[in-house]
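Here is the structure we will look at.
The values are calculated or read from the model by the stated rules, or taken from the named source; none is laboratory data. All of these numbers come straight from a predicted model, not from anything done at the bench. No Cβ is skipped: glycine too gets one built from the backbone with ideal geometry, and neighbour counts run over all protein chains shown. Protein only, heavy atoms only, side chains kept; ligands, DNA and RNA dropped before computing areas. Shrake-Rupley method; radii C 1.70, N 1.55, O 1.52, S 1.80 Å.
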Amino acid sequence: MTFTVLILEHYCKMSNTSNLVTFSLSGFSATVSYKVTFFSLTLLCYCLILVVNVSLILTIILDQNLHKPMYVFLCSLCFNGLYGAAGFYPKFVFDLLSDVQVISYTACLLQVFVIYSNSQIDYSILVLMAYDRYVAICRPLEYHSVMSVQRIAVLIGLSWLVPLCSEVMIVTLTSTLKLCGSHIDKLYCENWSIVKLACGSTRANDIVGLIVIVFYCAHVLLIVCSYVQLVQSSLKSKEGRKKFTQTCVPHLLCLFNVTAALLFDIMYSRYGSAAIPQNLRNFMAIQFLIIPPIINPIIYGLILTKIRNRMIYLCMMAGQRFKLRFKV
């Protein structure tokens, strides 16, 4: 994170294309009358994200029976949920209680980097989880040789490295733009909102943005293709249908959750109407930062039997220890 900040500061200092120091976030104009309410709900959401994701991570780490590829990928997904939340919630909570909502140029680019690399990492991990289920159900005899420890480590590394490099390129291009305004009509910094403030041509940004969108649309197609084969294979046996229901259904729900939330944000950012009430626009803009990191671990925690049973056991043990200490 520190390395990213240094890169952004370097571009901001060296570039002669923009003299902006801060951006103003105008999306907060609709929250003035409900500051305490929104602050309380936001704090509750952030605490819930921390609790459900950390609980799932600890459950997987502490239970040797869960040290399997699917659960390792799920652990990575939860880490990413915490990473994305850290890029949005602390600043958002602070702004809710502030009279003036501004963000520095460097911090704005850093927030863009964290929030949108988080979404890309989500997709990358969901592709890995789909591949894992494909090998487990369609090629069960090869599973342990294909999903080796070394390959899992490489796949997880790439699922983080590729999105981070992609977003570095996007943010670098954005930092070279000459901007003619500092007014962002959102609750947080968003790349497209900054690009729209540019005075000159943004063709390079548009092309790179389109390439990234197509690249992650290909992720969705990859998952769809794998699930076509998964369905065909699982229908052949009762055991296959059971395995598909237990492990693939939560993955599909998470995929739909992330895709719908992100597609909603992209379509709103590019084609949203100013006639829509500000509160509704605010919700449309932040729902992909709220819903997936809460819903994803809950879906897996409730549907996957091993995780659910282990979490219930840990809660019971914690409750017993609390009772013993309370009696003492």
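For region 295-313, give me each residue that is closer than 28 Å to Thr42 by Cβ and open to solvent by 20 Å² or more (accessible area, probe 1.4 Å). Let's see the steps before the verdict.
Applying the first criterion (closer than 28 Å to Thr42 by Cβ) to region 295-313 yields 295-303, 307, 311.
Residues satisfying the conditions are Ile295, Ile298, Ile299, Leu302, Ile303, Met311.
Going through region 192-217 one residue at a time, which ones are without any contact (Cβ under 8 Å) to a residue 12 or more places away in the chain and over 23 Å from Tyr123 (Cβ atoms)?
Taking region 192-217 first, the residues without any contact (Cβ under 8 Å) to a residue 12 or more places away in the chain are 196, 201, 203, 206-207, 210-211, 214, 217.
Correct list: Lys196, Ser201, Arg203.
Of all residues in region 97-129 being of a type in the set (A, V, I, L, M, F, W, C) and at pLDDT below 85, which is nearest to Met147 (Cα to Cα)?
At the first step, the residues of region 97-129 found to be of a type in the set (A, V, I, L, M, F, W, C) are 97, 100, 102-103, 107-110, 112-115, 121, 125-129.
Right, trim to at pLDDT below 85 and you get 97, 100.
Values: Leu97: 48, Val100: 51 Å.
In this case the residue turns out to be Leu97.
Quick one: count up the residues across region 115-154 that are of a type outside the set (Asp, Glu) and in contact (Cβ under 8 Å) with a residue 60 or more places away in the chain. Give the derivation first.
From region 115-154, those of a type outside the set (Asp, Glu) are 115-121, 123-131, 133-141, 143-154; that's our starting set.
Those still in the list that are in contact (Cβ under 8 Å) with a residue 60 or more places away in the chain too: 115-116, 119-120, 123-124, 126-127, 129-131, 133-134, 136-138, 147, 152.
Of the residues in region 115-154, 18 are of a type outside the set (Asp, Glu) and in contact (Cβ under 8 Å) with a residue 60 or more places away in the chain.
Kindly check whether there is at least one residue in region 103-117 that is assigned to a strand (DSSP E or B) and closer than 27 Å to Asn282 by Cα.
Taking region 103-117 as the starting set, the residues that turn out to be assigned to a strand (DSSP E or B) are 103-104.
This time we only want the ones that are closer than 27 Å to Asn282 by Cα, so: 103-104.
Yes, region 103-117 contains at least one residue that is assigned to a strand (DSSP E or B) and closer than 27 Å to Asn282 by Cα.
Those residues that are out of contact with any Gly (no Cβ under 8 Å at 6 or more places or on another chain), more than 27 Å from Trp160 (Cα to Cα) and surrounded by 18 or more Cβ atoms within 10 Å (Cβ to Cβ), I need them from region 213-243; list them, please.
Here is the first cut: in region 213-243, the ones out of contact with any Gly (no Cβ under 8 Å at 6 or more places or on another chain) are 213-232, 235-243.
Subsequent filtering for residues that are more than 27 Å from Trp160 (Cα to Cα) retains 231-232, 235-243.
Matches in region 213-243: Gly240, Lys243.
Considering Leu77, Leu44, Leu6, which residue is open to solvent by 60 Å² or more (accessible area, probe 1.4 Å), farther than 18 Å from Ala285 by Cα and either at pLDDT 90 or above or not in a helix (DSSP H, G or I) (or both)? Write out each step before concluding.
Numbers: Leu77 fails: open to solvent by 60 Å² or more (accessible area, probe 1.4 Å); Leu6 fails: either at pLDDT 90 or above or not in a helix (DSSP H, G or I) (or both).
Sole residue among the options that is open to solvent by 60 Å² or more (accessible area, probe 1.4 Å), farther than 18 Å from Ala285 by Cα and either at pLDDT 90 or above or not in a helix (DSSP H, G or I) (or both): Leu44.
Restricting attention to region 164-175, does a residue exist that is in contact with an Asp or Glu (Cβ under 8 Å, 6 or more places away or on another chain) and surrounded by 22 or more Cβ atoms within 10 Å (Cβ to Cβ)?
Taking region 164-175 first, the residues in contact with an Asp or Glu (Cβ under 8 Å, 6 or more places away or on another chain) are none.
Within region 164-175, not a single residue is in contact with an Asp or Glu (Cβ under 8 Å, 6 or more places away or on another chain) and surrounded by 22 or more Cβ atoms within 10 Å (Cβ to Cβ).
Going by the conditions given, is Leu280 out of contact with any helix residue (DSSP H, G or I) (no Cβ under 6 Å at 6 or more places or on another chain), modelled with pLDDT under 75, within 25 Å of Gly84 (Cα to Cα) and open to solvent by 40 Å² or more (accessible area, probe 1.4 Å)? Step through it out loud before you land on a result.
On the way: out of contact with any helix residue (DSSP H, G or I) (no Cβ under 6 Å at 6 or more places or on another chain): yes; modelled with pLDDT under 75: yes; within 25 Å of Gly84 (Cα to Cα): yes; open to solvent by 40 Å² or more (accessible area, probe 1.4 Å): yes.
Spelling it out, Leu280 is indeed out of contact with any helix residue (DSSP H, G or I) (no Cβ under 6 Å at 6 or more places or on another chain), modelled with pLDDT under 75, within 25 Å of Gly84 (Cα to Cα) and open to solvent by 40 Å² or more (accessible area, probe 1.4 Å).
Looking at region 214-244 only, could you name the residues that are charged (D, E, K, R) and either under 29 Å from the mean Cα position of the chain (by Cα) or not in a loop (DSSP other than H, G, I, E, B) (or both)?
Taking region 214-244 as the starting set, the residues that turn out to be charged (D, E, K, R) are 236, 238-239, 241-243.
Passing the criteria: Lys238, Glu239, Arg241, Lys242, Lys243.
Yes or no: Asp185 under 29 Å from Tyr46 (Cα atoms), open to solvent by 30 Å² or more (accessible area, probe 1.4 Å) and of a type in the set (D, E, K, R)?
Values: under 29 Å from Tyr46 (Cα atoms): yes; open to solvent by 30 Å² or more (accessible area, probe 1.4 Å): yes; of a type in the set (D, E, K, R): yes.
Judged against the criteria, Asp185 is a match.
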